[in-house]
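The values are calculated or read from the model by the stated rules, or taken from the named source; none is laboratory data. Bear in mind that the values here come from a model prediction, so they are computed numbers and not experimental data. Note: ideal-geometry Cβ built from the backbone for every residue, glycine included; neighbour counts use all protein chains shown.
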Amino acid sequence: MSPTINYQLLHKTVSKNILHILIILIFNNFLAQTAPKNLPKNRIVSDTVKLKQDSLGAKEKLESTVQTKADNIRNDLPKSMTYLNRKAQVKYEDLQIDADYISIDWKKGLVFARGKLDSLGKITQPVVTTQAGKKYETDQFSYNIKTKQAIAFNARTEESEGVIVAEKTKKYNDSIFFMRRGKYTTDQYFLKKKDSTADYYLLAPNIKLIKGKKNSQVVTGPIQLYIEQVPTPLILPFAILPFSDKRSAGILIPSFGERQDVGFFLNGLGYYLPIGDHFDLKILTDIYTKGSFNFKPELNYRKNYRYSGNFSADIGTTVRGIKGLDDYSKSGTFRISWRHQQDAKADPLLTFSASVDIVSTKFYSNTVNNDYIFNQNVLNAQQNSSISVIKRFLKLPITITASGNYSQNFSTGNTDIRFPQMNVAINQFYLLKSKTGLRQGLLENITVNTGLNINNYVSAPQSDLFTQAMFDKMQTGVKNNIQLGTNTTIAKYFTFSLSANIDNALTTKTLTRFYDPVTNLLVDNLNNKLAGFSSFSTSVSLQTTLYGMLNFKKTSPVQAIRHVITPSISFNYSPNFGESKYGYYKNYYNNRGELTPYSIFDKGIIGTPNSSLVESVGFSIGNNIEMKVKSKTDSTGIKKVKLFENLNISGSYNFAAEKYKWSVFSINGQSSFFNNKLNVNTSLVLEPYQILFAPGSETGIRTEKFGHFSLQGFNLQLSYPLSSEIFGKAKDLSKIYKTKGQIRNENYYFDDDNYAHFNQSWTLNINANYAYTRSLTKFGTKVASVGLDGSLKLTPYWNITGSTNYDVVSKQLAYTRLGFSRDQRSFTINFNWVPFGQYKVYDFFIGIKANILKDAVKYKDRSFTQPNAPF
């Protein structure tokens with residue numbers, strides 16, 4: 001059946017289409033008169049836009065041209081509008097806008113851009129605005145060509161290491177931006193668009209971004225820290241975030257937790273303030289709910305290639321218990337410190353250093369600073385301070401050291417001060433010049449070491465410091481020491497050494513000792529009297545080395561045992577300076593009426609001369625024993641095993657002694673096993689004379705019966721560092737599993753069942769100590785402990801650390817600490833815990849790691865550690 005055609009209808013349709021074509025041709029001819037004829041297709045360049053603006057109804061002319069392009073361009077003449085669709089772009093001066101859709105209102109001079117929408121109306125591709133080399137991403141963007149002001153919605157502004165995302169952003173000019181509900185973060189994964197949500201951000205309802213030529217900064221109203229989109233209690237009334245490499249003021253984030261004795265706390269809350277190029281100030285506080293508080297200012301200084309140091313104080317009040325009850329106590333503590341370190345490049349001939357710590361007697365045992373608990377400083381029994389100046393000379397072989405030392409003993413409450421001290425040392429030199437250039441023989445090898453030491457010393461309780469009582473106790477001493485030594489080789493295999501030691505000393509205090517029968521006490525009086533002594537000693541020794549090797553059959557797992565013996569024998573001589581002709585020793589009657597000698601230099605600072613004649617022969621035998629065994633893991637097939645790195649036996653016999661000519665025998669050993677992992681140190685002391693105990697007595701009497709060896713002391717120390725690497729290399733998971741973790745740059749992989757696999761690294765250090773001391777007691781004393789410290793990575797970003805000590809004798813756990821840390825890319829979470837003991841405490845800290853926030857919201861007490869400090 002053939003088709004039927006309605007020719008009348010066809011004629012009407014063709015006529016209508018011809019009319020439409022004529023209208024289009026007339027319209028195009030009109031446009032051709034108002035636009036250049038050589039324009040490329042779908043492009044309007046704005047040198048014509050200046051002409052076109054009049055035709056579109058614009059009255060004001062622009063300062064520059066507007067360039068536009070898109071896949072589809074449409075002009076609405078009555079409304080003076082231009083619409084750009086798909087791959088739309090507008091350029092005006094240094095501004096470029098790229099979007100899926102752009103509209104231009106020529107009357108108002110407004111450019112509106114919108115990102116690409118999906119079927120649900122969500123932005124899948126943002127508007128990208130580029131100006132002055134910086135890119136900004138927004139959902140919607142509105143720009144006034146005439147005023148050069150802009151408004152953006154959900155704008156993403158990258159500054160330095162971070163990014164700001166604001167619900168609404170208004171550009172006031174090229175330097176100032178106002179933002180509403182802005183979020184600032186330095187999360188690198190969010191910056192790289194690997195995550196759609198930042199792991200943390202700082203949220204402020206109002207933000208002002210100020211751009212400078214070199215540096216920029218953000219000024220906010222109230223600002224709050226959000227972690228994983230959860231608000232935290234950290235709220236600040238305002239914030240200034242400087243995007244600069246220079247140091248700037250900022251708030252120091254505290255840790256918080258609870259301590260059993262003083263309550264809940266904020267630890268380390270404070271403020272950081274740079275002062276010029278060479279100083280900065282940190283003011284920290286610790287606040288506790290039971291009333292304790294601590295104030296900790298610290299002034300740091302530094303000059304590159306010259307020196308660095310700091311002054312700090314720690315002033316606190318510790319409140320325990322409840323006021324009005326028996327357990328209530330309130331006490332004050334203080335600590336003042338100064339550290340100074342000179343750069344080695346500053347002056348090689350003059351060096352100054354200082355490490356000064358002055359603390360109250362019960363500072364560590366009564367501290368409110370939790371850092372001292374976690375660092376185990378609360379166990380300190382003594383605090384030392386020192387200042388020293390060392391002067392060297394370019395042409396003189398002399399080194400002068402001036403120093404001062406301050407030591408506090410918390411057990412006795414006494415303070416020892418050594419100030420001023422000076423040591424003038426002459427560098428070692430050879431007494432005789434070599435004739436051939438190669439030193440040979442005893443005479444040419446004679447070396448001389450000598451120097452002069454001046455010392456002032458006093459020991460007094462803190463209450464007597466810098467009072468007349470302290471100065472009355474102060475002693476001054478001068479001592480000169482001369483050491484001569486030489487050596488040579490005899491018969492190729494023996495080393496012969498000869499040495500002499502001469503001491504000359506002078507002091508301002510001498511001792512008078514007597515027994516007071518009324519108080520039944522021994523009384524020591526120091527007299528203001530100038531006195532001195534000279535003493536002399538000499539020694540000669542002969543040493544050699546013997547080697548022995550025991551080989552086994554090739555089929556034996558032990559191939560050989562090598563034994564190296566280093567025997568040494570020496571003779572020591574020192575005159576008896578205890579004779580009355582020297583006047584160095586006097587006698588007193590003790591509580592049993594026995595005449596007892598003592599030195600007038602006892603309790604002095606220059607030492608005492610030898611009180612008896614010494615003509616002793618000493619011996620020492622060193623041993624080194626190694627074994628060679630077969631090994632499949634070694635490339636040579638042979639592995640060395642150290643049985644004893646050093647096993648030394650020593651003792652002496654004094655010919656001049658009236659009794660007890662033999663000394664105690666000492667045995668010291670050192671070795672390592674299991675590929676040098678297990679370190680063993682041991683020492684043994686043997687008494688060669690018989691010790692007798694009376695019935696019911698626990699203290700023995702030493703007799704002169706030689707040969708009854710008894711154990712007087714034994715010490716054993718073991719240390720074994722274990723780690724995951726010891727038990728084999730970490731597996732290359734990329735060769736086993738195909739899918740890698742995508743959330744972070746973590747080294748974990750998924751198996752076919754979507755279970756994560758990663759290498760868990762761990763360390764465990766085991767320390768054990770056993771000591772036994774008997775002396776003349778019947779049973780002696782024992783000390784035994786086992787210590788553990790280590791770390792375990794539960795996941796690539798979860799880490800656990802801990803340490804503890806167990807007293808085997810008392811069967812109690814001593815100081816124990818646990819630490820947990822979580823790396824969350826942009827910030828870290830730390831939790832430290834002391835679960836029991838006198839200082840039961842836990843401490844929780846969240847810190848931002850970004851360098852750009854190192855001063856504004858400080859993660860660490862960085863001070864001058866940033867790389868670009870202006871020094």
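Annotations for the structure displayed:
- Filtered residue count, the stretch 139-171, keeping only those that are aliphatic (A, V, I, L, M) and in contact (Cβ under 8 Å) with a residue 60 or more places away in the chain: 1
- Of the criteria (1) more than 30 Å from Asn576 (Cβ to Cβ); (2) modelled with pLDDT under 90; (3) outside the structural domain of Ser785 (by TED's automatic domain parsing); (4) buried (at least 16 other Cβ atoms within 10 Å of the Cβ), which one Ser724 fails: (3)
- His757 being farther than 30 Å from Asp187 by Cβ and either loosely packed, with under 14 Cβ neighbours inside 10 Å or touching a strand residue (DSSP E or B) at 6+ places or on another chain (Cβ under 8 Å) (or both): no
- Tally of residues being of a type outside the set (Val, Ile, Thr) and under 21 Å from Gly268 (Cβ atoms) across the stretch 321-337: 4
- Residue in the stretch 293-302 that is closer than 23 Å to Val356 by Cα, among the charged types (D, E, K, R) and touching a helix residue (DSSP H, G or I) at 6+ places or on another chain (Cβ under 6 Å) present: yes
- Residue list for the stretch 819-839, filter: of a type outside the set (D, E, K, R), at pLDDT below 85 and assigned to a strand (DSSP E or B): Gln824, Phe827, Thr828
- Residue match in the stretch 448-463 (condition: in contact with a Gly (Cβ under 6 Å, 6 or more places away or on another chain), over 30 Å from Ser541 (Cα atoms) and free of Cβ contacts under 8 Å to residues at least 60 places away in the same chain): yes
- Asp286 vs. criteria part of a loop (DSSP other than H, G, I, E, B) and of a type in the set (Asp, Glu): no
- Taking the stretch 323-430 as the region of interest, the strands (runs of 3 or more DSSP E) fully inside it that hold 2 or more residues being within 24 Å of the chain's Cα centre (by Cα) and modelled with pLDDT of 90 or more are 329-342, 350-359, 382-392.
- Count - residues of the stretch 264-290 that are modelled with pLDDT of 90 or more, surrounded by fewer than 16 Cβ atoms within 10 Å (Cβ to Cβ), over 25 Å from the mean Cα position of the chain (by Cα) and not polar (S, T, N, Q): 1
- Close pairs from the stretch 648-659: first in contact (Cβ under 8 Å) with a residue 40 or more places away in the chain, partner of a type in the set (Ser, Thr, Tyr) and part of a strand (DSSP E or B), Cβ under 6 Å, at least 6 apart: Ser652/Ser616; Asn654/Ser616
- Pick from the stretch 562-604, criterion assigned to a strand (DSSP E or B) and aliphatic (A, V, I, L, M), ranking: surrounded by the fewest Cβ atoms within 10 Å (Cβ to Cβ): Leu595
Conditions (1) hydrophobic (A, V, I, L, M, F, W, C); (2) touching a residue at least 40 places away in the same chain (Cβ under 8 Å); (3) in a strand (DSSP E or B), marked per residue:
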{"site": "Tyr749", "(1), (2), (3)": "no, no, yes"}
{"site": "Asn754", "(1), (2), (3)": "no, no, no"}
{"site": "Gln760", "(1), (2), (3)": "no, no, no"}
{"site": "Thr763", "(1), (2), (3)": "no, yes, yes"}
{"site": "Ala768", "(1), (2), (3)": "yes, yes, yes"}
{"site": "Ala771", "(1), (2), (3)": "yes, yes, yes"}
{"site": "Ser775", "(1), (2), (3)": "no, yes, no"}
{"site": "Gly787", "(1), (2), (3)": "no, no, yes"}
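- The one condition in (1) at pLDDT 80 or above; (2) in contact with a Lys or Arg (Cβ under 9 Å, 6 or more places away or on another chain) that Lys183 fails to fulfil: (2)
- Figure legend. Inter-residue proximity from the stretch 663-691: first residues outside the structural domain of Val629 (by TED's automatic domain parsing), second residues outside any strand (DSSP E or B), beta-carbon distance below 6 Å, spacing 6+ or different chains. Indicated pairs: Val685/Val664; Glu687/Val664; Ile691/Gly700.
- Enumeration of residues in the stretch 157-206 that are more than 21 Å from Ile846 (Cβ to Cβ) and either of a type in the set (Phe, Trp, Tyr) or within 29 Å of the chain's Cα centre (by Cα) (or both): Ser160, Tyr172, Phe177, Phe178
- Strands (runs of 3 or more DSSP E) contained entirely in the stretch 620-710, each with at least 1 residues that are under 30 Å from Pro557 (Cα atoms) and touching a Gly at 6+ places or on another chain (Cβ under 8 Å): 638-654, 678-692
- Against the criterion of being part of a strand (DSSP E or B), more than 44 Å from the chain's Cα centre (by Cα), under 28 Å from Val424 (Cα atoms) and not small (Gly, Ala, Ser), Asn487 qualifies.
- Residue match in the stretch 204-227 (condition: part of a loop (DSSP other than H, G, I, E, B), small (Gly, Ala, Ser), at pLDDT 85 or above and loosely packed, with under 14 Cβ neighbours inside 10 Å): yes
- Taken over the stretch 97-138, the residue count meeting the criterion of being more than 16 Å from Arg156 (Cβ to Cβ) and either among the charged types (D, E, K, R) or in contact (Cβ under 8 Å) with a residue 12 or more places away in the chain (or both) is 16.
- Qualifying positions in the stretch 655-673 - surrounded by 15 or more Cβ atoms within 10 Å (Cβ to Cβ) and within 18 Å of Phe709 (Cα to Cα): Lys661, Trp662, Ser663, Val664, Phe665, Ser666, Ile667, Asn668
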